[in-house]
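Okay, so here's the structure we're looking at.
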Amino acid sequence: MREKLRDESRLRHILEAIDNIESFLEDKTRDDFTMKSLLYFGVVKNLEIVG
């Protein structure tokens, strides 16, 4: 049972990270992504959480 709770918590973190990525990139262009380091690193960090 304890492992199941940990798995659910991990899945919630993954889903939250996906939501973050989507919101960070909403209405952004490829140039925005490559030119704005805070945006870039925010997306990369959330991809790390997913991975």
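The values are calculated or read from the model by the stated rules, or taken from the named source; none is laboratory data. Note that the structure is a prediction, hence the values are computed from the model and not measured. Please note: Cβ atoms are built from the backbone with ideal geometry, for glycine as well, and neighbour counts cover all protein chains shown. Just the protein is used for accessible areas: all its heavy atoms, side chains included, with ligands, DNA and RNA removed. Shrake-Rupley method; radii C 1.70, N 1.55, O 1.52, S 1.80 Å.
Some points to look at:
- Given (1) modelled with pLDDT of 95 or more; (2) open to solvent by 100 Å² or more (accessible area, probe 1.4 Å); (3) over 8 Å from the mean Cα position of the chain (by Cα), number of the condition Lys45 does not satisfy: (3)
- Listed by first and then second residue, the pairs linking a residue in region 1-24 that is under 16 Å from Val43 (Cβ atoms) to a residue that is part of a helix (DSSP H, G or I) and charged (D, E, K, R), with Cβ atoms under 9 Å apart and 6 or more places separating them unless they lie on different chains, are Ala17/Lys45; Ala17/Glu48; Asn20/Lys45.
- Within region 27-39, tally of residues that are open to solvent by less than 100 Å² (accessible area, probe 1.4 Å) and either of a type in the set (A, V, I, L, M) or under 23 Å from Arg10 (Cα atoms) (or both): 1
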